[in-house]
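Peer 1: Here it is, the structure in full.
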Amino acid sequence: MRYFNMSILSAVALSTGLLLSGCTEKNNSSEHETAAQQHVVKAVAWDTKPYSSLLEYARDELKKQNITLEITYLTDSYTANQAVSDQEYDVNYYQHEAYLDSVRYKNNWDLQPISYTFNTVFGAYSKKYKSIDELPVGATITIPSDPANNARALQLLHDAKLIQLKDQHLGDQISQRDIIANPKKFKLIEVEQPMLPKAYQDSDLTVITGIYADRTGLVPNRDALIKDKAAKKWAAVLVANSASQQKPAVIQVKNFFDSAAAYQFIQSNYGEFVIWDKPQGEQ
């Protein structure tokens, strides 16, 4: 009977040891998984150059720092912002600060710009005329329809003295209602940005960003009849939420976007389409 009891005790001890060993292995596995997750940054973006090109370059370079940048491409700007605000993703990268501001406050989204990169050249192009002075009375001018870029286009036309706006202090809230003079009776038609390359074919003048100008075969720094100046609010921003911006891995991504390497990559590949002041600290 004693032998039987000792056998039971031995079996219990063995099973307990195996259980503890299994728990230890499970705990170690969980710790490894958690550590691995700390080096993963989930990004959402549009598959539009040069935004996507810089993201993919960052992904490849950050691997050397043991950071995994996982990129998901979407076509809906609303979802791309909401997903970061809801902490489904850590960052997004596809918009300038003016556009971000026009939607984050309206929707009460938890979004913060953490890195400022390039301005895409924003200009006006014509397939029919070589100078804005040649535009006839009643010419058709197509401009972006989204509020931020619509205001930017109207400001560009105002600066070129094609129209006159009543209030220069409205900033990104400017709309066609603020036009107080249109001497040549231009017809301003608002078009969704992806459709502007097509509108360019039929319009007398089209105001368009460098990204979409590229899709028409135009080179902004060569072909634009007029173009606006670089400004912080038009800079493409890397965007995080209040939680993700504190993560060490996200900070490493931010630091890469702020780096001379990122700047040189864009200048080398997209210098004709963007304006980017040198990163701080680079001479």
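Peer 1: What is the list of residues in region 178-206 whose amide nitrogen lies under 15 Å from a point 7 angstrom out from the Cα of S52, following Cα to Cβ?
Peer 2: 194
Peer 1: Could you state the orientation-averaged shadow area of the convex hull built on the Cα atoms of region 187-266, in nm² to one decimal?
Peer 2: With the hull built on Cα positions only, its mean projection is 7.6 nm².
Peer 1: To the nearest 10 square angstrom, how much accessible area does S126 have with a 1.4 angstrom probe?
Peer 2: 20
Peer 1: Pull up all non-local amide H partners of D47: gap of 5 or more, or a different chain, and H-to-H distance under 5 Å with H placed in the peptide plane.
Peer 2: Result for D47 returns L74.
Peer 1: Specify the inter-centroid distance of region 147-226 and region 121-144, based on alpha-carbon positions, in whole Å.
Peer 2: Cα centres, region 147-226 to region 121-144: 9 Å.
Peer 1: Using only the heavy atoms of the protein chains and a 1.4 Å probe, how would R177, R222, R59 rank by accessible area, largest first?
Peer 2: Putting R177, R222, R59 in descending order of accessible area: R177, R222, R59.
Peer 1: While we're here: Would you kindly state how much longer the chain becomes between T68 and A261 on full extension, computed as 0.36 nm times their sequence separation minus their alpha carbon distance, in nm to one decimal?
Peer 2: Stretched fully, the T68-A261 segment lengthens by 67.7 nm.
Peer 1: Could you provide, to the nearest whole Å², the per residue accessible area of region 144-283 with probe 1.4 Å?
Peer 2: On the way: 7090 Å² over 140 residues.
Averaged over the residues of region 144-283, the accessible area is 51 Å².
Peer 1: Given points 7 Å out from each Cα along the Cα-Cβ axis, report the D76 to D167 separation in nanometres with one decimal.
Peer 2: About 3.4 nm, to one decimal.
Peer 1: Which semi-axes, in whole Å and largest first, does the equivalent ellipsoid of region 143-283 have when worked out from the alpha carbon gyration tensor as the square roots of 5 times its eigenvalues?
Peer 2: Value: 32, 19, 14 Å, ordered largest first.
Peer 1: Just to make sure I understand: if all protein chains stay in place, what is the order of H39, H96, H158 by accessible area at 1.4 Å, largest first?
Peer 2: Solvent-accessible surface, decreasing: H39, H158, H96.
Peer 1: Full extension from D202 to D60: what is 0.36 nm times the residue separation minus their Cα-Cα distance, to one decimal in nm?
Peer 2: Numbers: separation 142, 0.36 × 142 = 51.12 nm, distance 4.10 nm.
Here the answer is 47.0 nm.
The values are calculated or read from the model by the stated rules, or taken from the named source; none is laboratory data. Source: prediction; values computed, not measured. FYI the Cβ positions are ideal-geometry reconstructions off the backbone, even for glycines, and counts take in every protein chain you see. Quick note on the areas: whole protein, heavy atoms, side chains included, nothing else; ligands and nucleic acids left out. Shrake-Rupley method; radii C 1.70, N 1.55, O 1.52, S 1.80 Å.
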